[in-house]
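The values are calculated or read from the model by the stated rules, or taken from the named source; none is laboratory data. Just so we're clear, the structure is a prediction, and the values are computed from it rather than from any experiment. No Cβ is skipped: glycine too gets one built from the backbone with ideal geometry, and neighbour counts run over all protein chains shown.
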Amino acid sequence: EDHAQMNFSGTDAFDYPEIHEYSVGQLALTRSLTRLMIASGVHDFSLKDIYEPEAPRLRMILSAIINFAKFREEKVAAF
C-alpha cells in the first residue's frame with residue numbers, strides 16, 4: 001500500500017513546498033475534525049484535544065460523536 005501524503009495544489013505557491021507538506025495535511029485534518037465536532041455539538045474542540053487528551057474530555061467527545069452517528073443513522077433510516 002502507498003502511504004504517501006496526498007498532493008495539495010496550493011503547496012506549489014510556497015518557496016519551499018516540502019516544508020509545508022506535513023502542515024497542510026494536519027490543517028486539513030483539523031478542519032475536518034472541527035466541522036465534525038461542531039455538528040456533534042462540541043463547539044470548543046481544539047488541537048489540545050488531539051495532542052494532549054484528557055480522559056473525561058475524550059469520553060465526552062467520543063460520546064458526542066457516537067450520539068451524532070446514532071442520530072444521523074436514525075434520520076437516514078427514516079427517509
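Values for this structure:
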{"quantity": "Hits in region 37-49 - residues which are in a helix (DSSP H, G or I) and either surrounded by 14 or more Cβ atoms within 10 Å (Cβ to Cβ) or in contact with a His (Cβ under 9 Å, 6 or more places away or on another chain) (or both)", "calculated": "37, 40, 49"}
{"quantity": "Test: residue in region 13-29 that is of a type in the set (Ser, Thr, Tyr), modelled with pLDDT of 85 or more, within 16 Å of the chain's Cα centre (by Cα) and surrounded by 10 or more Cβ atoms within 10 Å (Cβ to Cβ)", "calculated": "no"}
